[in-house]
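Single-structure report; data block below.
The values are calculated or read from the model by the stated rules, or taken from the named source; none is laboratory data. Keep in mind the model is a prediction, meaning the values are calculated, not measured. Here Cβ is always computed from backbone atoms with ideal geometry, including for glycine, and neighbour counts include all displayed protein chains. Remember, those area values only see protein heavy atoms, side chains included, never the ligands or the DNA or RNA. Shrake-Rupley method; radii C 1.70, N 1.55, O 1.52, S 1.80 Å.
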Amino acid sequence: MHSLLGSVALAVTLAATLAPVPDPDPAPSAPPRVAPRDQHLLANGPQYVYDRAYARAGTAIVAFRGPTGRATVVFVVQGMPHSAWGRTFGVHVHRDRCGRTAASAGPHFSNPRAPRGARISEREIWLDVRVLPGGWGMSRTTTTYAMPDGANAHSVVLHARPTNRSTGDAGARLFCTNVDMSDLPSVG
Ligand SMILES: [Cu+2]
């Protein structure tokens, strides 16, 4: 008797194991799908490297305008050489697109509507980045002013030294990433 019951129990267990699992009903429980909106600008680079030691560097830039029109810019760099680990590099938004020479990107972007006497750090967009062990770093900033339409802002340049806060100088230009910030997407 015992062995018969055992066989029946085994058969039932096997049947349960082999029974097809019903498909979960996807319609009512699935989260709604939404179409992505162009709420930010994304750029990858660099397009030009002016110092061979940085040939393996990679950049990503995200930018958008918030509800008040202020621009937020996020800068990510990786692939920096060992000699750069632990150091801080000046990074700025420049006026012109990157080109074959380091000078191609032109001068720094400067807010054309800045009040007279505004400090340079409050007219421009600076993203100085500290490179961590592993060769990557991230920085971000939000302007204190509304980013105008049609702004002369078409690239991000990484320099050899931290930015001098009174002059804006940061030494040699190491590499350049194209990013058209002339008409940033707005959020809110
Ligand atoms: Cu610069």
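Give me the accessible area per residue for segment 41-178, probe 1.4 Å, as a whole number in Å².
For segment 41-178, the per-residue accessible area is 51 Å².
Which Cα, out of Pro67, Ala172, Tyr48, lies furthest along the positive dipole direction of the chain (beta carbon charges, K/R +1, D/E -1)?
Farthest towards the positive end: Ala172.
Taking R0 as 35 Å, what's the FRET efficiency between Arg33 and Val76 from their Cβ-Cβ distance, rounded to 0.05?
Computed FRET efficiency for Arg33 and Val76: 0.80.
Restricting to DSSP H runs of at least four residues, report the calculated mean residue ellipticity at 222 nm for the chain, -39500 (n - 2.57) per run over all residues, nearest 500 deg cm²/dmol.
The per-residue figure over the chain is -3500 deg cm²/dmol.
Working only with C-alpha atoms, what are the Rg and Dmax values of segment 62-136, expressed in angstrom?
14.8, 42
Of the candidates Arg33, Arg161, Arg52, which one comes out as most mobile in a Gaussian network treatment of the chain with C-alpha springs shorter than 10 Å?
Arg33
According to a simple spin-label model (label point 7 Å from Cα along Cα-to-Cβ), what is the distance in nm between Asp180 and Arg56?
My value for the distance between the label points is 3.3 nm.
Rounded to the nearest 10 degrees, what's the angle between the helix 2-18 long axis and the longest principal axis of the chain, both from Cα atoms, 0 to 90?
So the inclination is approximately 30 degrees.
Hey, what did segment 60-188 get for relative contact order, percent, Cα under 8 Å, at least 6 apart?
With pairs under 8 Å counted, the relative contact order is 35 percent.
With only alpha-carbon atoms counted, please give the Rg and Dmax of segment 41-178, in Å.
14.2, 42
At 0.890 mPa s and 25 °C, plugging the Kirkwood radius over alpha-carbon pairs of segment 114-179 into Stokes-Einstein gives what diffusion coefficient in µm²/s?
Estimated via Stokes-Einstein, D reaches 180 µm²/s.
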